[in-house]
Amino acid sequence: MKHFLFLFLFLVLAFKGNAQAEFGPKFKPIPPAKFPAAPKKKVIPPAELPKIEQPNVFNSPENPNKASTSITKSNDVDMFPKEKFINVGEEYLKKMQKDVDKTLNENNMPLLRRNFDFGQINTKSKYVIVRVRDFIYVDGDLLRIYQNATILKEQVFLGDSFTDIKILLGEGFNKLDFEALNTGTSGGNTAEIIIIDDQKKVLSKNYWDNLATGFKGTILLVKE
């Protein structure tokens, strides 16, 4: 019995050794499969989106007339008072009436449009005193005085009392001109003009009533 067991174990061991010798050198392990390396992932930057601006409904450049059109269509309800326009014809008539009233106001006479000649006076006086004032109503009348075509007094206001101007006389002719510079607020230019010599003698006394602008009164003084 022991011999039989010994033989059996021997055969088993022998068979096992042959099996390892047969399959051992022929067995090759299967290497792991080689796959290509995965490509690096490209990072794509986010696309820049166009900036969106909130439209201005009151002043849109694409349609500049949109706001005005909208306002025009909503004229059913007027929230503001309507503009008052001036009647040009009415204003013109008022101005004409004012000019006519000014022309006829002083003594109800039309404006005089002519020059006055106060004559010629011979004198031995070295100088004269010219006294001027407004003849009727003080309303802003002005005078300009010339001596031999040269301006002696640029502007003299005609008040309710006399203004005195001393004028030296040269040998021979001394032409004095008195020009109406304007028309006052109540009508034409009204002036009283008195000329006195160096002995306080009145040589001339004249006036005009309702004279138009630019017209003159003239007197010729001849120094002997």
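Computed FRET efficiency, Cβ-Cβ of Tyr137 and Asp164, R0 22 Å: what is it to the nearest 0.05?
In this case the efficiency is close to 0.55.
Can you classify the range 164-215 as rounded, prolate or oblate using the Cα gyration tensor, where a ≥ b ≥ c are the square roots of its eigenvalues, rounded means a/c under 1.5, and otherwise it's prolate if a/b beats b/c and oblate if not?
prolate
Roughly how big is the range 121-180's charge dipole about its Cα centre, with Cβ charges of +1 (Lys, Arg) and -1 (Asp, Glu), in debye to the nearest 20?
400 debye
Give me the tail of P(r) for the range 126-224 as a percent: Cα-Cα pairs with distance above 23 Å.
Distances greater than 23 Å cover 20 percent of the Cα pairs.
Please report the orientation-averaged projected area of the range 119-169, defined via the convex hull of its C-alpha atoms, in nm².
The orientation-averaged projected area of the Cα hull of the range 119-169 comes to 4.2 nm².
How do 185-198, 121-134, 151-164 rank on mean C-beta neighbours within 10 Å, highest first?
185-198, 121-134, 151-164
Arg114 versus Gln199, label points 7 Å from Cα toward the beta carbon: distance in nm?
3.5 nm
Taking 0.36 nm per residue of separation and subtracting the Cα-Cα distance, what length does fully extending Ala149 through Leu220 add?
Gain on extension, Ala149 to Leu220, equals 24.4 nm.
Give, as ranges by residue number, the residues of the range 161-190 whose backbone N falls under 18 Å from the point 7 Å along Cα→Cβ of Lys126.
It comes to 165-172, nothing else.
Read-outs throughout are calculated quantities, based only on the coordinates presented, and are distinct from any laboratory measurement. Note that the structure is predicted; figures quoted are calculated from it, not measured. When we count neighbours, we look across all protein chains shown, and the Cβ atoms used for this are built from the backbone with ideal geometry, even at glycine.
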